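The values are calculated or read from the model by the stated rules, or taken from the named source; none is laboratory data. All figures in this text were calculated on a predicted structure; none of them were measured in a lab. In this analysis, Cβ positions are derived from the backbone assuming ideal geometry, glycine residues included, and neighbour counts consider all displayed protein chains. Heavy atoms of the whole protein, side chains included, go into the accessibility calculation; ligands, DNA and RNA do not. Shrake-Rupley method; radii C 1.70, N 1.55, O 1.52, S 1.80 Å.
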Amino acid sequence: MKIISNPLELKVYLAKQNKSIGFVPTMGALHDGHISLIKEAKKDNDFVVVSIFVNPTQFLKGEDLDKYPKKDEADKKICELSGVDVLFFPDAKDIYTNDEVSILAPIVRGYVLEGFSRPSHFNGVLTVVMKLLNMVNPTRAYFGKKDAQQLNLITLMVKQFFMSVEIVAVDTVRESDGLAKSSRNVYLSKGERRDALKISSSLYLGANLVSKNILDAQEIRKNILDALLGLEIFYVEILNRDFEKIEKVEVGNSIILVEAKVGKTRLLDNIWL
Ligand code: AMP
């Protein structure tokens, strides 16, 4: 595995490969969710690139940028063992100058859900993803369904900017008890870890109602809110796959999304129905 930190070196090196490239952008502290993205990328492509970059522009003031978990050596080992060909490991100064062109998230879809409580978050996400995609120029790029709004906005950006990369959505990987794997789970104390389980359980409850043909979005939402009692809830929304509000769940075209705070940790989860 080759480790590169300079964007131009990366671009030149990858341009010489003449192979299909699968790209997995991450912020490190790798877990089974990231490994699942890498596996998908290996299945579909001749060459796999992973980036590890904790992108400062997607964190708002007072968020956990400085505390974000860092596991550089373990991450390198995981990438090596997973058969990654190139690990791109830049510094912020390799990616940003002090006077930057940036991508703006769309004013409707970028400012609801997570974008409502973190207003400039998706500007930072889309800008860094645009930069990374231009550096790597992959055939396919892999993103987790766990960050469903991020996936939706990146798919939109690629379409609206006529970019030629294929965006591949990968299923959420969970702990055996249902908690969605996340780099931020390390922040949870034992008690908080137990409380956090309410999030995935509430989503399973929603899916269970749908399986019993209870499709009314308000009714499902109310049941989910009840199941989340005790947590600070940012949102519970039932949307179609285009992220529009719906009154009735349409199986095959709906998502239930939850964001809640457990202790000081914001946790996102969703279920695709
Ligand atoms: P992050 O390092 O948290 O920015 O995540 C990098 C990529 O991994 C994003 O596309 C995430 O959606 C994806 N990801 C994070 N957690 C999971 C998970 N539990 N299952 C599948 N993909 C995930």
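Observations
- Residue in segment 18-41 that is over 24 Å from the mean Cα position of the chain (by Cα) and more than 13 Å from V170 (Cβ to Cβ) present: yes
- Meets criteria (basic (K, R), farther than 23 Å from H34 by Cα and without any contact (Cβ under 8 Å) to a residue 24 or more places away in the chain) for K77: no
- Top-ranked residue in segment 180-190 [being within 11 Å of the ligand (Cβ to nearest atom) and outside any loop (DSSP other than H, G, I, E, B); ranked as nearest to H31 (Cα to Cα)]: S183
- Residue tally, condition open to solvent by 70 Å² or more (accessible area, probe 1.4 Å), over 14 Å from L273 (Cβ atoms) and not in a strand (DSSP E or B), over segment 226-242: 4
- Selection count, segment 133-148, where residues are farther than 17 Å from N18 by Cβ and either open to solvent by less than 20 Å² (accessible area, probe 1.4 Å) or not in a helix (DSSP H, G or I) (or both): 6
Here's the yes/no breakdown for (1) open to solvent by less than 40 Å² (accessible area, probe 1.4 Å); (2) touching a Ser or Thr at 6+ places or on another chain (Cβ under 8 Å); (3) assigned to a helix (DSSP H, G or I):
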{"residue": "G124", "(1), (2), (3)": "yes, yes, yes"}
{"residue": "K131", "(1), (2), (3)": "no, no, yes"}
{"residue": "Q150", "(1), (2), (3)": "no, no, yes"}
{"residue": "K159", "(1), (2), (3)": "no, no, yes"}
{"residue": "G178", "(1), (2), (3)": "yes, yes, no"}
{"residue": "S201", "(1), (2), (3)": "no, no, yes"}
{"residue": "I220", "(1), (2), (3)": "yes, no, yes"}
{"residue": "I224", "(1), (2), (3)": "yes, yes, yes"}
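- Residue pairs meeting the criteria (Cβ under 6 Å; at least 6 apart or on separate chains; first of a type in the set (D, E) and open to solvent by 20 Å² or more (accessible area, probe 1.4 Å), in segment 23-49; second within 7 Å of the ligand (Cβ to nearest atom) and in a loop (DSSP other than H, G, I, E, B)): D32/V173; D32/K181
- Apart from one condition, I214 fits all of (1) within 16 Å of the ligand (Cβ to nearest atom); (2) open to solvent by less than 70 Å² (accessible area, probe 1.4 Å); (3) not in a helix (DSSP H, G or I); the exception is (1).
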